[in-house]
Every structure is written in C-alpha cells, then in structure tokens.
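I have placed the structure first, in the form of structure tokens, so that the comments after it can refer back to it.
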Amino acid sequence: MKPLTFISADEAVRGVRSGDHIHLSSIASVPHVLIDALCRRADELHGLHFHHFHTEGPAPYGSKEYEGVFFDQGFFVGPNVRKSVQEGYADYIPTHLSESQAMYRSGALPCDVAMVQVSMPADGMVSLGTSVDCSIAALEVARLKLAVVNPNVPFAFGDLVPVDRFDALVRDDTPLFTKDYVEPTDIDRLIGRNCSELVPDGACLQMGIGSLPNAVC
C-alpha cells in the first residue's frame, strides 16, 4: 500500500458548500477536528444540515451561536444537543436505526458530505470502529468523503472501507470520548432482576446507556 497522504482539517473541509447535508459518524467516533474546522468557516457558510445518531463531546452544530450557519437534524437527541432541540436551534428526525441506511441510499434524506473517524488502515482497509450505523451508506452516496484517521479507533471486522475511497484524510491522535460504568442503584437492581426474568435463553439484547441497562445485564 502506498504511503498515506494527510492534510489539515481546514484544507479537508474546503469542499463543503453552503446548503450541504453532512453525515457525522457518531458515539466515540465523532470527527471533532473537522467540525471545529467548519466552525472556523462560519463566516462564509450557511444552511449546513447535520445528521447523526448519538454523539459524544461538544456539539457546536446544534448551538445557538451558529444559528443560520449550522442546523442539527439528528436521529437521536443526546445530552449534548437536548437543550438546543428544546429551544428550537436544532431538530430531531425520528427513525429506526434499521431504516437509516435506506434513507441515504434512496435519497429520501440528502447526504452531500460524509465526515467520519476511522482506524489506522490494514491491507488498504479502514474500520469505522464504534460507529458503523448508517455511516457505511453515507460513504456510498456522499459527494465529498472525509476521514479522520485516529490510531485510537479500534479496527473492528465488519463494514470495512477502502482507504482510497476518501477524498481527504486528516490525522488526529486525540483519545476517544468514553463513558464510565454507572453503578446501578438498589431500585435499578430490583428493576433489572424483574426484567431479566422476562428474557428467554438465546435472546438478542439491544441495550441502552446508563445504570438501568447495566442492572438488567
């Protein structure tokens, strides 16, 4: 594999245009350096729409400060955007996780730019790490594909992406945002015990975040 060519985040986002719909990889894999670079272009851009699931860390794309420049239309309302949604500076698109890829692929929801954070490459492929969700579909349809290559992103087998699919690569070694284990309360444990008795052998569980899901597990 030929050596990777990295550019700065500011160079990478030069291809973003006013009115673009931007997909962000989510959870611990939010490409914060690219978002920060867009903030530095706030005086020359307007009407950027952001789509994503749960994101960790700062969320300037939903901030009142960038009204008219950024408009957050996430598929999930987490703590970092909840106040913005309640005050009308961000919005919420209700959708099932299983339907999110179809929205991009069908064109029902535009995706002009895909901004993701990925692992270091192996055999010419990178992993989307902790944020597969609809990022794979966004990378199929986006006009501009930008990746932050971070050695802290785990290389997870599954939906791997050829590194040469991206229009620009940015290197960032910043540690990922993580969640500490939340110890269940006595009430959580009681609820968890009752819920666990309803789960049959061989069940596939989808768990949320917090002390109650921890208690159920």
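The values are calculated or read from the model by the stated rules, or taken from the named source; none is laboratory data. All values reported here derive from a predicted model rather than from experimental measurement. Here the Cβ is made from the backbone with ideal geometry for all residues, glycine too, and neighbour counts use every protein chain on show.
Numbers for the structure displayed
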quantity	calculated
Pair list, Cβ < 8 Å and 6+ apart or interchain, from segment 91-104 residues that are exposed (fewer than 12 other Cβ atoms within 10 Å of the Cβ) to residues that are aromatic (Phe, Trp, Tyr)	Pro94/Phe75
Neighbours by Cβ (under 7 Å, 6+ apart or cross-chain): first from segment 181-204, touching a residue at least 12 places away in the same chain (Cβ under 8 Å) and hydrophobic (A, V, I, L, M, F, W, C); second assigned to a loop (DSSP other than H, G, I, E, B) and surrounded by 11 or more Cβ atoms within 10 Å (Cβ to Cβ)	Val182/Gly210
Lone unmet requirement of (1) crowded, with 20+ Cβ neighbours inside 10 Å; (2) touching a Pro at 6+ places or on another chain (Cβ under 8 Å); (3) in contact (Cβ under 8 Å) with a residue 40 or more places away in the chain for Phe70	(3)
Within segment 16-27, tally of residues that are exposed (fewer than 15 other Cβ atoms within 10 Å of the Cβ) and within 16 Å of Leu146 (Cα to Cα)	1
Close pairs (6 angstrom Cβ cut-off, 6 or more residues apart or separate chains): in the same structural domain as Arg17 (by TED's automatic domain parsing) in segment 106-118, of a type in the set (D, E, K, R) anywhere	Asp112/Asp20; Asp112/Arg143; Val113/Asp20; Ala114/Lys145
Residue count, segment 102-113 (criterion: of a type in the set (A, V, I, L, M) and under 18 Å from Gly47 (Cβ atoms))	2
Filter result for Val141 (among the β-branched types (Val, Ile, Thr), buried (at least 20 other Cβ atoms within 10 Å of the Cβ), touching a residue at least 24 places away in the same chain (Cβ under 8 Å) and under 29 Å from Arg14 (Cα atoms))	no
Counted residues, segment 28-52 - those being at pLDDT 95 or above and either surrounded by 19 or more Cβ atoms within 10 Å (Cβ to Cβ) or in contact with a Cys (Cβ under 9 Å, 6 or more places away or on another chain) (or both)	14
Any strands (runs of 3 or more DSSP E) falling wholly within segment 43-100 and containing at least 1 residues that are out of contact with any Leu (no Cβ under 8 Å at 6 or more places or on another chain), of a type in the set (A, V, I, L, M) and assigned by TED's automatic domain parsing to the domain that holds Cys111	90-92
Unique match (being within 23 Å of Gln101 (Cβ to Cβ) and not assigned by TED's automatic domain parsing to the domain that holds Gln117) among Gly192, Gly208	Gly208
Residue tally, condition closer than 19 Å to Pro110 by Cβ and part of a loop (DSSP other than H, G, I, E, B), over segment 1-30	7
Subset of segment 95-110 [within 16 Å of the chain's Cα centre (by Cα) and either polar (S, T, N, Q) or closer than 17 Å to Gly208 by Cβ (or both)]	Thr95, His96, Leu97, Ser98, Ser100, Gln101
Those residues of segment 166-199 which are among the hydrophobic types (A, V, I, L, M, F, W, C) and out of contact with any Gly (no Cβ under 6 Å at 6 or more places or on another chain), in sequence order	Phe166, Ala168, Leu169, Val170, Leu176, Ile187, Leu190, Ile191, Cys195, Leu198, Val199
Single residue of segment 154-184 satisfying the filter (at pLDDT 95 or above and crowded, with 19+ Cβ neighbours inside 10 Å) that is nearest to His32 (Cα to Cα)	Val170
